[in-house]
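The values are calculated or read from the model by the stated rules, or taken from the named source; none is laboratory data. The structure displayed is predicted, hence computed values, not measured ones. Quick reminder, even Gly has a Cβ in these numbers, built from the backbone with ideal geometry, and neighbours come from all protein chains shown. Accessible surface is based on the protein model in full, side chains and every heavy atom, while ligands, DNA and RNA are left aside. Shrake-Rupley method; radii C 1.70, N 1.55, O 1.52, S 1.80 Å.
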Amino acid sequence: MSTTIHPDIARIRTIALVGQTASGKTSLVEALLWKAGAIGAPGSLERGTTVCDFDPMERRVQHSLNSALVHFTHHDASIHLIDTPGYADFVGQSMTALEAVDTAAVVINAQVGIEMITTRMMDWAAKRHLCRMIIVNKIDAQGLDLPGLVAQIQLAFGKECLPLNLPAAKGTQVVDCFFNPSGEADFSSVELAHSALVEQVVEVDPEFVDRYLNDGDVDPSELHAPLEQALREGHLIPICFVSARNGAGVAELLDVFDRLLPNPTEGNPPQFYRGEGAAAKELHAEPDPDQHVIAHVFKVTVDPYVGKMGIFRIHQGTVTRDSQLYIGDGRKPFKVGHLFKLQGKEHVEIVHGVPGDICAVAKVDEMHFDAVLHDAAEDDHLHLLPLDFPVPVHGLAIEPKRRGDEQRMWEILQKLVDEDPCLKVEHVAQTNETVVYGLGELHLRTLLERMTDTYKCEVNTRPPRIAYRETITAPAEGHYRHKKQSGGAGQFGEVYLRIEPLPRGTGFEFLDQVKGGTIPNQFIPAVEKGVRLALDSGVIAGYPVKDVRVVVYDGKSHSVDSKDIAFATAGRKAFIDAVLKAQPIVLEPIVKVEITAPETSMGDITGDLSAKRGQVNGTHAMQAGSMMVNGQVPLSELNGYQARLNGMTGGQGRYTLELSHYEAVPPSVQQQLMGQFKVKDED
């Protein structure tokens, strides 16, 4: 670590509040802003007056749909805080926020305990080597079992999860356990919590271990360096208690941000890479304001009036107004006309940003998510490891209500996809459908409302075709002679090829093993093009063919009549001939499903999954009489599942999907799909 730290950088703290919906993250941000003096009074979700939920849709539904940024100061600390949505459908917003911060603060609802998103966020933050802390909110609620919750946290995430403070005076106060060796608390013992914290911290430094063993205690004010090391290494995950509603623990949480959380030189910086694939080399960004600029765009917003805005974390160098920055591998830099920090929807103009700062620039059309900004041409080909986003599997086919709006609809969809890495849009040539994919029904419903409310684009929707695939299970050979004569010059091309199955997920391989020039080299690309056309359009059921190797080994040509189109047609039909002999099958997407519902509904839910060709892999109890079911089920069986789940749970159930794998459909389903499709005989 650097021995001399620029004072502006030493003050910076970057924190993302993540966790399940209804854990109180947005209300906690309001309480922190108010206590820090950044706002005159805390806003309200019910009144739609919070700083972070400023989008009209968020105010209407009273929960976060997007990540939002605020900044404020407390004592000497300059704090960047990111509020994130808690619904699984918007988890991409939380994952990208983690790219911008040194600390992930996972917020848990004291009334409910550990939930699905709690676990996911703890796991994702650990994979990105972030410092982690847990904030238990709503400690003023009635009927809580906070000792049981602490035990549950330690069972789920390890004994390194230790209370940094404890509730006192019946949840109206908290008492610090790190700097205070004793005190009164509602449960446990401040003295025991203090000893556990100090022991956990000194374990990372042999010198302090000796002192602790000899003296029985160490002054916590001396433990800053080992504390930061313990946070970096995941050896300590502090638990803080708070109530955003009555203010208990809010001032103390600000002090924790200031005194104990890492600045940009003390956290685990993300690992940049220069180059691609196996040739990529590690590059360490130094939090030094005097070096050249390296910044990472973790969020993009597109506004019909403001245009495209890129929000980025500076990892190295200083960005100023008038800086000339390159976007990734772009050869032409853009000029930073205005540099902002964000305060909810407000853009606060600043003069410069240093390593650790989270800034924004607007009206740069080339800006895109995951871009690396830099001011040195030699820093092109820089990138971070890509995030492992969940695969969007919920689909809707959409079309504009008004004819002629197809291009405008496509452009709007592209803008929305630019903002959210967990949205995907594609045009399916076989059915001439535009299909948008998201992480759930709420995800897609929100997208459609934004199209209507923000962009005034009315669309019709319908369920899309399931993304089935075709593949083969045995090797086979195919042959086709294409001969066409009509007046003048004709068409001629003959192709022999063989195919063989590849391991699932491998894709497509094309090999040219033609000997003696029986197919001239200039026509081999046309053969491959024809094969790819058949791959894309499908052979037995009209779905893309995957995981197959094609070897072209012989053929014939004509000195006058052979043309690209002739060999493309011969290649396509020879491939179709081979597939029909290769025991082809249709594959369907199997999704992992996690369902949270009242315990009394478990029998209905598991029975319904089994009836839909699903498999229940396990159940486990959660707090407040809820259970979670984990299983796998074909995606085709889940159309309209939320309505079914509502019926089984009285509207109290929710679920998330994630693509697991592809497997063969039952023979009866394959026959049905094949009966709906006939290979087009195109000459």
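Working note: Debye formula, equal point scatterers on the alpha-carbon atoms of the stretch 568-683, no solvent; log10 I(q)/I(0) at q = 0.10, 0.11, 0.18, 0.21 Å⁻¹ is -0.44, -0.50, -0.91, -1.12.
Just by accessible area at a 1.4 angstrom probe, what is the order of TRP410, TRP124, TRP34 from largest to smallest?
Working: TRP410 75, TRP124 45, TRP34 120 Å².
If we order TRP410, TRP124, TRP34 from most to least accessible, we get TRP34, TRP410, TRP124.
Divide the volume of the convex hull around the Cα atoms of the stretch 202-322 by the residue count and you get 223 Å³ per residue.
List the trypsin sites (Lys or Arg not before Pro) within the stretch 1-66 that DSSP assigns to loop and that have no more than 16 neighbouring Cβ atoms inside 10 Å. Answer by residue number: ARG47. Summary value for the stretch 17-111: 35 percent relative contact order, contacts being C-alpha pairs under 8 angstrom separated by 6+ residues.
So what is the relative contact order of the chain, in percent, for Cα pairs below 8 Å that sit 6 or more residues apart? Walk me through the numbers before you get to the answer.
Working: 1534 pairs, mean separation 68.3, N = 683.
Taking the mean separation of contacting Cα pairs over the length of the chain, I get 10 percent.
So what's the gap between the Cα centers of the stretch 365-438 and the stretch 618-642, to the nearest angstrom? Cα centres, the stretch 365-438 to the stretch 618-642: 29 Å.
Considering only alpha-carbon pairs that sit under 8 angstrom and 6 or more positions apart, the relative contact order computed for the stretch 284-362 is 32 percent. A DSSP coil position with no more than 12 other Cβ atoms inside 10 Å describes the following trypsin sites (Lys or Arg not before Pro) in the stretch 574-683: LYS678, LYS680.
How large is ³J(HN,Hα) for each residue in the stretch 606-620, as worked out from phi by the Karplus curve 6.51 cos²θ - 1.76 cosθ + 1.60 (θ = phi - 60°), to whole Hz, x for Gly and Pro? Result, ordered by residue: 5, x, 5, 4, 4, 5, 9, 6, x, 9, 8, 9, x, 9, 8 Hz. For the stretch 137-255, the spread of Cα coordinates along the three principal axes comes to 44, 28, 23 Å, biggest extent given first. Using bins of 10 Å that start at zero, the share of Cα-Cα pairs per bin across the stretch 515-611 amounts to 13, 33, 18, 12, 10, 8, 5, 1, in whole %. Whole-percent P(r), the chain, all Cα pairs, 10 Å bins from 0: 3, 13, 20, 22, 19, 12, 7, 3, 1, 0, 0.
The charge dipole of the stretch 480-562, taken about its Cα centre with unit charges on the Cβ atoms of Lys, Arg (+1), Asp and Glu (-1) only, comes to about 140 debye. With N the number of residues in the stretch 1-120, Rg(Cα) / (2.2 N^0.38 Å) evaluates to 1.10.
When the helices of the chain are scored as -39500 (n - 2.57) per DSSP H run of n ≥ 4 and the total is divided over every residue, the value at 222 nm lands at -8000 deg cm²/dmol. Rg over Rh for the stretch 521-570 works out to 1.03, both radii taken from alpha-carbon positions and Rh defined as the Kirkwood radius. Between the alpha-carbon centres of the stretch 535-549 and the stretch 237-279 there is a gap of 48 Å. Taking only the Cα atoms of the stretch 230-269, the radius of gyration and Dmax are 12.1, 36 Å.
Based on the alpha-carbon gyration tensor of the stretch 121-190, what equivalent-ellipsoid semi-axes (square roots of 5 times the eigenvalues) come out, in whole Å, largest first?
Ellipsoid semi-axes (Å, largest first): 23, 15, 11.
Among the chymotrypsin sites (Phe, Trp or Tyr not before Pro) within the stretch 305-342, those in coil by DSSP and having at most 13 neighbouring Cβ atoms inside 10 Å are TYR305. Ligands, DNA and RNA aside, GLU191 has an accessible area near 110 Å² when probed at 1.4 Å.
Relative to the longest principal axis of the chain, what angle (0 to 90°, nearest 10) does the C-alpha long axis of helix 25-35 take? The helix 25-35 is inclined about 40 degrees to the chain. Filter LYS35/LYS138; LYS299/LYS424; LYS138/LYS345; LYS127/LYS341; LYS345/LYS401; LYS25/LYS415 down to the pairs with a C-alpha to C-alpha distance above 24 Å, please. The answer is LYS138/LYS345; LYS127/LYS341; LYS345/LYS401; LYS25/LYS415. Taking one quarter of the surface of the C-alpha convex hull of the stretch 311-414 gives a mean projected area of 9.6 nm².
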